[in-house]
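The values are calculated or read from the model by the stated rules, or taken from the named source; none is laboratory data. Remember, predicted model here, so these are calculated numbers, not experimental data. Virtual Cβ from ideal backbone geometry, glycine too; neighbours counted across all protein chains shown. Accessible surface areas use protein heavy atoms only, side chains included; no ligands, DNA or RNA. Shrake-Rupley method; radii C 1.70, N 1.55, O 1.52, S 1.80 Å.
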Amino acid sequence: MHFETLKFEVADGLATIRLNRPDAMNAMDIQMSLDLMNAAIECDENEEIRAVLITGEGKAFSAGGDLKGFAASGDRISRTVKEMTVYLHGAISRFARMDPPTIMAVNGTAAGAGMSLSLTGDIVLMAESAKMTMAYTAAALSPDGSSSYFLPRLVGVRRAAELMITNRRLTAAEALEWGIATRVVSDDELMPEATALAQQIAAGPTLAYGAVKKMLAETFTADLEAQMEMEARLIASMMRTDDGKEGIAAFLAKRKPEFTGR
């Protein structure tokens, strides 16, 4: 597929998405948000895609919303932002709900909507030099991109409020300590490690990963009995999948399983 603001490629079950406005620090405009939504739909619909890796071209992951572009829309600025969030939030919803896990490789600054997007990853790797900041209120704006959902769940309401109100910059080490990053690696090793991890996941039991994502998405809203009922139904349905049958057979035969994602 061709996108104006993204580099998108699929190989061996892995979709790699690169935010590609490096001269603007990968700032998000309407076109990038639309491209992200269409890329997310492709990742959700294409059965050959079993993991997704998202990173940024150039020195930044994403500097957030394109404020220069917003300002240029004049009196239509509110309409512009509403349209953009339809696309961006549609992308995030599909990445969150689809079976293939999403791995974020935060290669540089992740600010505003860039930080919001990075929070949505199932696994988040950060380069040592990368930094994160909410940034919104510094421009008298409020957060979007699902950050008001994911950030309190990751760090708690108190720390989320601090980040959103003070725009404190988090180093990669701090993001790891706070539970935002999964792992911090050297700048040079970020993409090799993120790619190797994503390839490993792409070769795994995709439907089982999707079940994990579904259960974790519900864990703070369902009561105990509802969560256990979901567990029971999902593990039973996994037993009927090709990968479930292969996983059990491989375990009993003491061999490495070969999963197909079905």
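List of remarks:
- Single unsatisfied condition, Gly74 versus (1) open to solvent by less than 10 Å² (accessible area, probe 1.4 Å); (2) without any contact (Cβ under 8 Å) to a residue 40 or more places away in the chain; (3) not basic (Lys, Arg): (1)
- Residue within the range 47-70 that is surrounded by fewer than 17 Cβ atoms within 10 Å (Cβ to Cβ) and more than 29 Å from Ala138 (Cα to Cα) present: yes
- The criterion of at least 3 residues that are within 21 Å of Thr133 (Cβ to Cβ) is met, among strands (runs of 3 or more DSSP E) falling completely within the range 1-115, by 51-56, 102-106.
- When the range 213-241 is limited to residues that are in a helix (DSSP H, G or I) and touching a Leu at 6+ places or on another chain (Cβ under 9 Å), the one that is nearest to Asp99 (Cα to Cα) turns out to be Lys214.
- Residue within the range 117-126 that is in contact with a Pro (Cβ under 7 Å, 6 or more places away or on another chain), open to solvent by 10 Å² or more (accessible area, probe 1.4 Å) and not in a helix (DSSP H, G or I) present: yes
- Some residue of the range 189-205 being surrounded by 14 or more Cβ atoms within 10 Å (Cβ to Cβ), in contact with a Pro (Cβ under 6 Å, 6 or more places away or on another chain) and at pLDDT 95 or above: yes
- For the range 144-154, the condition holds for no residue, the condition being that it is of a type in the set (D, E, K, R), closer than 17 Å to Gly56 by Cβ and open to solvent by 60 Å² or more (accessible area, probe 1.4 Å).
- With respect to the conditions (1) open to solvent by 20 Å² or more (accessible area, probe 1.4 Å); (2) within 19 Å of the chain's Cα centre (by Cα); (3) in contact (Cβ under 8 Å) with a residue 40 or more places away in the chain, Ala175 falls short on a single one, namely (1).
- For the range 4-11, the condition holds for no residue, the condition being that it is open to solvent by less than 40 Å² (accessible area, probe 1.4 Å), in contact (Cβ under 8 Å) with a residue 40 or more places away in the chain and touching a helix residue (DSSP H, G or I) at 6+ places or on another chain (Cβ under 8 Å).
- Leading residue by the ranking (surrounded by the fewest Cβ atoms within 10 Å (Cβ to Cβ)) among those in the range 228-246 that are under 15 Å from Arg50 (Cβ atoms) and not polar (S, T, N, Q): Asp242
- Condition check for Leu252: of a type in the set (A, V, I, L, M) and open to solvent by less than 40 Å² (accessible area, probe 1.4 Å): no
- For the range 12-29, a residue qualifies if it is in contact (Cβ under 8 Å) with a residue 40 or more places away in the chain and either open to solvent by less than 50 Å² (accessible area, probe 1.4 Å) or among the acidic types (Asp, Glu) (or both), and the qualifying residues are Asp12, Gly13, Leu14, Ala15, Thr16, Leu19, Ala24, Asn26, Ala27, Met28, Asp29.
- Some residue of the range 63-79 being hydroxyl-bearing (Ser, Thr, Tyr) and out of contact with any Leu (no Cβ under 8 Å at 6 or more places or on another chain): yes
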